[in-house]
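First the structure, in the form of structure tokens, and then the observations on it.
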Amino acid sequence: MKEQLEKIEIEALEQISLATDLKHLNELRVTYLGKKSTIQSLMPMMGKLPSEERAAFGQLINGVKTRIMTKVEEKQKELEALELQRKLEKETIDVTLPGKDFRAKSFHPISIIVDEITNICLGMGYQVEEGPEVESDYYNFEMLNLPKDHPAREMQDTFYINENTLLRTHTSPVQVRTLLKHNGVGPLKIICPGKVYRRDDDDATHSHQFYQIEGLVVDKNVTMADLKGTLSILAKKMFGEKREIKFRSSYFPFTEPSVEVDVSCYACDGKGCSICKGTGWIEILGAGMVHPNVLKMSGFDPNVYQGFAFGIGVERIAILRYGIDDIRYFYTNDLRFLNQFSKER
Ligand code: FA5
């Protein structure tokens with residue numbers, strides 16, 4: 001048996017040294033050391049030997065296995081290095097070839113505006129909240145003082161998943177979700193940027209899907225003056241220091257009083273031009289003082305806390321900022337349009 005093992009070892013070491021590639025080497029490893037190899041088939045014989053010969057046989061067979069394995073490993077390293085060398089020689093790099101066209105791309109204008117408004121608000125101490133786009137009727141309407149059958153629901157028709165689930169029509173349900181999280185204890189100061197959906201007819205200024213940024217502040221002694229001051233800063237930062245804002249009375253079921261906010265036209269300085277349709281003012285958002293019912297339903301005592309809220313239409317701001325004449329450009333993914341925007345955010 002000793003001779004048989006020696007013969008196998010000599011043959012294996014020779015074959016391994018002659019291996020020309022890794023696949024061949026692996027086949028040899030299986031032949032000499034695998035489960036069906038001769039060496040492996042000799043193992044059970046160990047049990048049949050007299051006990052005084054067993055240890056010597058064990059040492060012998062393990063020695064052969066180890067030497068073959070070591071040889072396989074050495075050869076493997078050698079072949080790997082050879083293969084890499086061959087690859088490098090074959091794949092020489094032609095440094096004279098032109099490089100790939102890799103121009104820095106621009107951010108989407110909607111992302112630029114959302115980031116800009118978010119940064120301004122973060123600077124004023126707001127925190128960013130998020131809410132689901134697939135929303136319940138309860139948060140989107142009922143908790144905002146719009147019970148079922150309220151006529152003002154007509155103002156915001158949308159896409160229903162089922163009777164009680166819909167694609168949110170505005171970011172205002174995030175007001176409710178945030179109020180509930182605070183368990184009736186203020187202050188809170190949040191914005192929520194996000195996508196909203198409406199069953200509106202698509203035209204140059206309306207889309208069935210658009211972005212809003214909701215703002216909500218609840219604290220003691222909050223007044224309309226705080227709302228006006230906040231929106232005034234926002235308008236100046238977005239459209240320039242000379243901008244002024246104007247409140248026009250409006251109606252939202254979740255704010256009382258409610259206002260539409262206009263900013264003095266940045267193009268004509270309020271004199272009247274085609275952009276502001278001759279009025280000197282441009283509408284940018286809806287806002288108001290949080291309705292006491294909304295505070296009450298979400299667990300806040302309206303005798304202790306007051307709040308203001310606003311909802312900005314992001315596309316409308318982008319339209320004004322960049323002088324875009326059709327909202328649909330934002331969604332058609334035309335690179336000729338998208339590449340025109342600043343590469344900076
Ligand atoms: C609202 O959605 C209220 N939730 C805003 C609000 C929040 C009021 C908090 C009070 C307190 P409104 O329906 O007016 O309001 O929409 C707000 C803004 O979204 C509009 O000023 C407009 O800029 C934009 N907007 C509305 N409909 C569309 C549309 N179909 N396409 C693009 N922008 C739209």
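Listing for the model above:
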{"item": "Compactness index (Cα Rg / 2.2 N^0.38 Å), region 45-185", "result": "2.54"}
{"item": "Qualifying trypsin sites (Lys or Arg not before Pro) for region 66-113 [loop in DSSP, other Cβ within 10 Å: at most 12]", "result": "Lys100, Arg103, Lys105"}
{"item": "Calculated P(r) of region 111-226 - Cα pairs past 16 Å, %", "result": "64"}
{"item": "Quotient of C-alpha Rg and 2.2 N^0.38 Å, computed over region 241-345", "result": "1.38"}
{"item": "Which of Phe308, Thr118, Ser207, positive extreme of dipole for the chain (C-beta unit charges)", "result": "Thr118"}
{"item": "Sequence ranges 53-60, 299-306, ranked by mean other-Cβ count within 10 angstrom, highest first", "result": "299-306, 53-60"}
{"item": "Rounded to the nearest 10 Å², the accessible area of Asp201 at probe 1.4 Å", "result": "110"}
{"item": "Region 2-90 - convex hull of the alpha-carbon atoms, volume per residue in Å³", "result": "71"}
{"item": "Kirkwood-based shape ratio for region 174-250, expressed as Rg/Rh from alpha carbons", "result": "1.03"}
{"item": "Accessible surface, per residue, of region 109-341 when the full set of protein chains is kept, probe 1.4 Å, Å²", "result": "47"}
{"item": "Folded to 0 to 90 degrees: helix 22-33 orientation relative to the chain principal axis, Cα", "result": "50"}
{"item": "Within a Gaussian network of the chain (alpha carbon springs, distance under 10 Å), most fluctuating of Met143, Met46, Met297", "result": "Met46"}
{"item": "D_trans [Stokes-Einstein, Kirkwood Rh over alpha-carbon pairs] for the chain, 37 °C, 0.692 mPa s, µm² s⁻¹", "result": "124"}
{"item": "Heavy atoms of Asp200: accessible area, 1.4 Å probe, square angstrom to 10", "result": "60"}
{"item": "Rounded accessible area of Val128 (nearest 10 Å², 1.4 Å probe)", "result": "70"}
{"item": "Among Gln40, Leu285, Leu144 - extreme Cα towards positive end, dipole of the chain, charges at beta-carbon", "result": "Gln40"}
{"item": "Fluctuation leader among Ala152, Ala318, Ala12 - the chain, Gaussian network, Cα springs under 10 angstrom", "result": "Ala12"}
{"item": "Rounded tilt (10° steps) of 2-18 against the dominant C-alpha axis of the chain", "result": "50"}
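The values are calculated or read from the model by the stated rules, or taken from the named source; none is laboratory data. As the structure is a prediction and not an experimental result, all values here were calculated from the model. Heads up, the Cβs are rebuilt from the backbone with ideal geometry, glycines too, and the neighbour counts pull from every protein chain shown. What goes into the accessible areas is simple: the full protein's heavy atoms, side chains included, and nothing from ligands, DNA or RNA. Shrake-Rupley method; radii C 1.70, N 1.55, O 1.52, S 1.80 Å.
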